[in-house]
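To keep things clear, I will list the structure first and then write my remarks on it.
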């Protein structure tokens, strides 16, 4: 078996014989990315209406459905409506602290079987039980860490109270966001990625980040577009005009 | 060990492909559609051309300091609790994965689409060791059931009809199945969902490895990549060394052009950034994360003639525009990687002798270089390969003799004129209706599928000389 040292030595030996094809530089990384991101967010807060409009267009182009509510308190009603239209009964959701709003209790009041993810580490048995719940759920509710207008993309960061499966296993995914999540372009999302990885990861930060651009799709059989092959068949985004509560993670 | 050469010669494989009318129609529809979608995507994106240049520069700059970027990647993967392995040959890579499977008692491995694991024939190795590999990308699942290889880098089952897929599923599941893509997809979802939940190991490739953060990036449309990296207790990613990129800022540049080139989407449905094993507080994620760095002929090309091909993103755009690929499809190429870039990658993995015929399976029209998101000059390297095939005397001897003589004639104008005059006489018995339609002996290879224009009654040089004389008058 090759060792790290041998492997890299072979690469260096070859590099020594290669002058390179042309003068080239990698991208310049932003210095102090967290401050830059905060600055960008302030700039973007002026233009959230344009970004939301563009996001809506692109999101619907890729097969998403955008809903708008004025206050956070109306989110559970919106989710319950989506659930009712599909005959969905079982709901898994992010923890209230990660979502910026508790949805499990209000959804239960709508007659749905809703469970929110635990906010902290649980043992393997409980993780197994939670996974089974997500696998059987009809609908998954998550927050959104970035909504990219240019591409209609929802970015979700996993972590404590933020299970990956809520946006993956149920056939219907409902993502809840506000203007704080909006960015204009993919390159701006690159800045956010730099900021999130600046320094050691904070407690509760998970190991997975997903860019979600519409429902799961395939065209592998005779190029016929088919939705929901492994991930959700439907993706809904609920925009809260007056904003969600403070969020963790 | 390199890949086993195909049992029949390229000419025979191409002939069979050309006779397959369904394949031909499917290829035309698919490639035409991909070309249109790609053009539309870049048309709407004014920054596209500049970003292609950026992406190319990033790839080249990364190669110039490849050792440092890989070291950072390795250090950061280890810092996040992952383990890194080094594989020089396909056997090394397979053995590494098998060792992990054995140690963790894995019996069922779910896989997301990965050309790197195709290239090392990992499934065969797993099977032989009693581990069941299950492809979960719908196209890959179909060809696994059919015991075939992918015929397109991003649309592996492009050559199958829905009827054939329904038959495969029916045989697998032992019941009648309607040949409707919607129904077939639903069945695959149900079948594979069960397997995701019980699998012991997830195996993926990697579209990118980000050095700064130790992140593996997977781009998929179906969501199987997310399942494979989150549900089983062990995740193994197999990544060619050239897939490392320095930073998240660089990643954004590549993401902006990759899906547009591949399928014409602005972004693929899922771009998954995997940062090692499950962290405290998470409900899902593997307990172990392994990254297998794969050489398999790549490292020697850092200073080799195929260096540019190390920038390939595996988007498949060059396949769609290639007049040869569009006629014969992926299987006729006979190796893991089809299409124009596939010829170069085959030479990289298996040596130039493996492409002595394939190097000629290109019209050198340059459409591939135009379509390539990172502007790889594929025709230049195909010509290089043809040259090395001749220089290493791998080419058939009659071909070498004919072109050797021809080359010598071209260098001596007097001899060339003499030969033209002689040729005009010698060709007479073979000219029919203004063209040479059949030549004797080994020359016949040329005229089997095309005509050879005869030497003109008066050559260009003779006519030019006469025109010059008339001008002077």
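Return yes when residue B:143 is without any contact (Cβ under 8 Å) to a residue 40 or more places away in the chain and in a helix (DSSP H, G or I) and no when it is not. Yes.
Per the listing B:262, B:256, the residue uniquely under 25 Å from the mean Cα position of the chain (by Cα), buried (at least 24 other Cβ atoms within 10 Å of the Cβ), more than 7 Å from every other protein chain (Cβ to nearest Cβ) and under 24 Å from residue A:60 (Cβ atoms) is B:262. Quick one: residue B:367 ticks every box in (1) under 30 Å from residue B:255 (Cβ atoms); (2) touching a strand residue (DSSP E or B) at 6+ places or on another chain (Cβ under 7 Å) except a single one, so which number is it? The single condition residue B:367 does not satisfy is (2).
Given the condition assigned to a loop (DSSP other than H, G, I, E, B), closer than 23 Å to residue A:120 by Cα and under 14 Å from the mean Cα position of the chain (by Cα), answer yes or no: does some residue in segment A:145-153 qualify? Yes.
A residue that is out of contact with any helix residue (DSSP H, G or I) (no Cβ under 8 Å at 6 or more places or on another chain), free of Cβ contacts under 8 Å to residues at least 12 places away in the same chain, in the same structural domain as residue B:137 (by TED's automatic domain parsing) and not in a strand (DSSP E or B) cannot be found anywhere in segment B:196-210.
Can you say whether residue B:135 is more than 17 Å from residue B:232 (Cα to Cα) and either free of Cβ contacts under 8 Å to residues at least 12 places away in the same chain or in contact with a strand residue (DSSP E or B) (Cβ under 7 Å, 6 or more places away or on another chain) (or both), as far as the supplied structure shows? When the stated conditions are applied, residue B:135 does not pass them. Restricting to segment B:111-130, name every residue that is in contact with a helix residue (DSSP H, G or I) (Cβ under 6 Å, 6 or more places away or on another chain) and surrounded by fewer than 21 Cβ atoms within 10 Å (Cβ to Cβ). Within segment B:111-130, B:125, B:129 qualify.
The rows are residues; the columns are (1) within 24 Å of residue B:400 (Cα to Cα); (2) modelled with pLDDT under 85; (3) within 45 Å of the chain's Cα centre (by Cα).
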{"site": "B:446", "(1), (2), (3)": "yes, yes, yes"}
{"site": "B:450", "(1), (2), (3)": "yes, yes, yes"}
{"site": "B:456", "(1), (2), (3)": "no, no, yes"}
{"site": "B:473", "(1), (2), (3)": "no, yes, no"}
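Restricting attention to segment A:1-22, the residues being more than 7 Å from every other protein chain (Cβ to nearest Cβ) and either in a helix (DSSP H, G or I) or modelled with pLDDT of 95 or more (or both) number 5.
Residues of segment A:109-140 that are within 22 Å of residue A:82 (Cα to Cα) and within 11 Å of chain B (Cβ to nearest Cβ): A:117, A:133, A:134, A:135, A:136.
Residue by residue, here is whether (1) over 14 Å from the mean Cα position of the chain (by Cα); (2) more than 8 Å from chain B (Cβ to nearest Cβ); (3) assigned to a loop (DSSP other than H, G, I, E, B) holds:
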position: A:142; (1), (2), (3): no, yes, no
position: A:155; (1), (2), (3): no, yes, no
position: A:176; (1), (2), (3): no, yes, no
position: A:191; (1), (2), (3): yes, no, no
position: A:202; (1), (2), (3): yes, yes, yes
position: A:209; (1), (2), (3): no, no, no
position: A:220; (1), (2), (3): yes, no, yes
position: A:223; (1), (2), (3): yes, no, yes
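In this structure, does residue A:30 turn out to be part of a loop (DSSP other than H, G, I, E, B) and either on the phi > 0 side of the Ramachandran plot or in contact with a helix residue (DSSP H, G or I) (Cβ under 7 Å, 6 or more places away or on another chain) (or both)? Taking the combined requirement at face value, the residue satisfies it. In the set A:155, A:240, only one residue is in contact with a helix residue (DSSP H, G or I) (Cβ under 6 Å, 6 or more places away or on another chain), crowded, with 21+ Cβ neighbours inside 10 Å and in contact (Cβ under 8 Å) with a residue 40 or more places away in the chain; that residue is A:240.
Of all residues in segment A:225-238, those that are more than 7 Å from every other protein chain (Cβ to nearest Cβ) and under 14 Å from the mean Cα position of the chain (by Cα) total 5.
With the structure loaded, tell me whether residue B:398 is in contact with a strand residue (DSSP E or B) (Cβ under 7 Å, 6 or more places away or on another chain) and either surrounded by 13 or more Cβ atoms within 10 Å (Cβ to Cβ) or in contact (Cβ under 8 Å) with a residue 40 or more places away in the chain (or both) or whether it fails that test. Against the criterion (in contact with a strand residue (DSSP E or B) (Cβ under 7 Å, 6 or more places away or on another chain) and either surrounded by 13 or more Cβ atoms within 10 Å (Cβ to Cβ) or in contact (Cβ under 8 Å) with a residue 40 or more places away in the chain (or both)), residue B:398 does not qualify. When segment B:161-179 is filtered for residues that are without any contact (Cβ under 8 Å) to a residue 60 or more places away in the chain, within 29 Å of the chain's Cα centre (by Cα) and either part of a loop (DSSP other than H, G, I, E, B) or within 7 Å of another protein chain (Cβ to nearest Cβ) (or both), the ones remaining, listed by number, are B:162, B:165. Out of B:49, B:12, one residue alone is closer than 14 Å to residue B:261 by Cβ and loosely packed, with under 14 Cβ neighbours inside 10 Å. It is B:49. Filtered by the rule that a residue be closer than 26 Å to residue B:93 by Cα and part of a helix (DSSP H, G or I), segment B:211-250 gives B:224, B:225, B:226, B:227, B:228, B:229, B:230, B:241, B:242, B:243. From the set of residues in segment B:173-195 that are in contact with a helix residue (DSSP H, G or I) (Cβ under 7 Å, 6 or more places away or on another chain) and more than 20 Å from residue B:143 (Cβ to Cβ), which is surrounded by the most Cβ atoms within 10 Å (Cβ to Cβ)? Once the filter is applied, the top-ranked residue is B:178.
Per-residue answers, yes or no, for (1) facing chain A (nearest Cβ under 10 Å); (2) in contact (Cβ under 8 Å) with a residue 40 or more places away in the chain; (3) under 18 Å from the mean Cα position of the chain (by Cα):
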position: B:248; (1), (2), (3): yes, no, no
position: B:269; (1), (2), (3): yes, yes, no
position: B:275; (1), (2), (3): yes, yes, no
position: B:292; (1), (2), (3): no, yes, no
position: B:296; (1), (2), (3): no, yes, yes
position: B:302; (1), (2), (3): yes, yes, no
position: B:311; (1), (2), (3): yes, yes, yes
position: B:327; (1), (2), (3): no, yes, yes
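The values are calculated or read from the model by the stated rules, or taken from the named source; none is laboratory data. Keep in mind the model is a prediction, meaning the values are calculated, not measured. FYI the Cβ positions are ideal-geometry reconstructions off the backbone, even for glycines, and counts take in every protein chain you see.
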